[in-house]
1. I need the peptides 185-191, 122-128, 75-81 ranked by packing, meaning the mean over residues of other C-beta atoms within 10 angstrom, with the highest value on top.
2. Just to be sure I understand, if you calculate Cα extents along the principal axes in Å for this structure, which of [x] 67, 32, 28; [y] 47, 37, 29; [z] 77, 45, 33 do you get?
3. Against the longest alpha carbon principal axis of the chain, how many degrees, from 0 to 90 and to the nearest 10, is the axis of helix 37-54 turned?
4. What's the angle, to the nearest 10 degrees (0 to 90), between helix 71-97's Cα axis and the longest principal axis of the chain?
5. What's the exposure ranking of GLU159, GLU180, going from fewest to most Cβ atoms within 10 Å?
6. For the stretch 90-152 and the stretch 1-74, what is the separation of their Cα centres, given in Å?
7. Quickly work out the TYR11-to-ASP37 label distance, labels modelled 7 Å from Cα along the C-beta direction, and quote it in nm with one decimal.
8. Give me the angle, in degrees from 0 to 90, between the Cα long axis of helix 56-65 and the longest principal axis of the Cα atoms of the chain, rounded to the nearest 10.
Amino acid sequence: MSFDSFNAVYYTGLFIVPGYIIEEIIGALMPIKTYSDGVKLLRCLIYSVVNCAGCSWAYILITKYFTEDDPVYWLLGVLVTLLGAVLLGFVVGLIRKHGIIRDILSRYKIQIENDAPSAWDYKFSSITDKKYVIVDMTDDTKIYGLFAYNSFASSVASERDLYLEQCYTYEEGQPWKPLERNEGILIKWSMIKAITFFEDQYEGDNKDE
């Protein structure tokens, strides 16, 4: 195999790029702590090594049936690498999101640090279905709302804004009533004192089944 400037760029890209793709996918599935550039680079390199090892069988098949003179050789190398990175990113991201490894180790009384930077990120990133919430405000008022698919909780540490896609009014002993002509509410983090999550609309002894 000849090794020229094109080859150098190509193989370097196949080794380096996957790690960044995997890191970004993991971060999209579950916010992770902010690391220094050196630590992030090391993490990306480790992911790239694992990705290359996992795709090695495909690389062997490519070199077996194609030569470097065939454009398909280069195209398949890129496709295999990218697909492997996307798949590995989702697998690792979901494992970390659901704490599978942490649960297994906890059975043997081994505790590992959670990658989520805060309880805020941990809770909101774990919501896969709609949740009804009661937001206690710093002025002692309460906001009754729905956090679902079109809602949003900021993952920026300095600005924990919360958008609820639906708001409700509450009267004691009655089900929550959606506010008419309502398109949700944006709540500044500085006004939030506490947030309570429910599977169903709930307040006190009242529950809307």
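Each value in this text was obtained by applying a stated rule to the coordinates, not by laboratory testing. Computed from a predicted model, the values in this text were never measured in an experiment. Note that we place each Cβ from the backbone using ideal geometry, even for glycine, and neighbour counts take in every protein chain shown.
1. 75-81, 122-128, 185-191
2. [z]
3. 60
4. That helix lies at roughly 30 degrees to the long axis.
5. Numbers: GLU159 10, GLU180 6.
Lowest count first: GLU180, GLU159.
6. Using only Cα atoms to place each centre, the spacing works out to 31 Å.
7. 2.8
8. The two axes meet at around 40 degrees.
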